[in-house]
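For reference, the structure discussed in these notes is given below.
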Amino acid sequence: MPAAAALSQTAVLEREREWGPAVAEEPAPRRAAPASEPRWGRRAILAALCLAFVAAIFAVAFWALSRANFIGVDDNGNVAVYQGVPWDLGAGIHLYRARYVSQLQAVQLSQAERESLFDHHLASYDSARDRLAAYEQEASP
């Protein structure tokens, strides 16, 4: 019987070497890793990178919108090229400004021409001016 017990014990030790301790046995508790300072440093760097990414997105969006232009009508009824986007935030805050005001009055255009011209299609300044120039030449005496 002692030979069988020794053989059994050898098999258990060999199994533990290959697969680890049996499920019924609890492994020794692990020591907590000492708190390392680079952890907060990584978080700070990650936060800074995220903040820089968001700032870059806003900068690109602002730059793109500052290059956008559309055709509209000013308060006096003149056709104008506006820089920005055709939105009002309320309280007198506009996301556009007049860049070119034509002598052409909106009432000089037909309904179809007004619908085509005032569609608030965003374009470059030169493209908007070229579109408006065709109507200005027709209205000139």
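Here are some notes:
- Label zone of residue 120 (point 7 Å out along Cα→Cβ, amide N under 12 Å): in segment 75-103 this covers 85-89, 95-96.
- Dipole orientation for segment 56-141: of the candidates 64, 93, 122, 64 has the Cα lying most toward the positive pole (charges on Cβ; Lys, Arg +1; Asp, Glu -1).
- Heavy-atom accessible area ranking, 1.4 Å probe, most first, across 97, 42: 42, 97
- Amide H contacts of residue 80 (H built 1.01 Å from N, under 5 Å, at least 5 apart or other chain): 72, 73, 74, 102
- Taking amide H as placed 1.01 Å from N in the peptide plane, residue 68 has its amide H under 5 Å from the amide H of 84, each at least 5 places away in sequence or on another chain.
- Label point distance in nm, residue 75-residue 87, each placed 7 Å from Cα along Cα→Cβ: 2.4
- Mean sequence separation of contacting Cα pairs (under 8 Å, at least six apart), scaled by the length of segment 84-141, corresponds to a relative contact order of 28 percent.
- Cut-off 15 Å between beta-carbons: net charge of the residues surrounding residue 75, Lys and Arg +1, Asp and Glu -1: -1
- Between residue 103 and residue 52, full extension at 0.36 nm per residue minus the direct alpha carbon distance yields a gain of 13.9 nm.
The values are calculated or read from the model by the stated rules, or taken from the named source; none is laboratory data. Since the model is a prediction, treat every value here as computed from it, not as a measurement. So basically every Cβ, Gly included, is an ideal-geometry build from the backbone, and we count neighbours across all protein chains shown. Heavy atoms of the whole protein, side chains included, go into the accessibility calculation; ligands, DNA and RNA do not. Shrake-Rupley method; radii C 1.70, N 1.55, O 1.52, S 1.80 Å.
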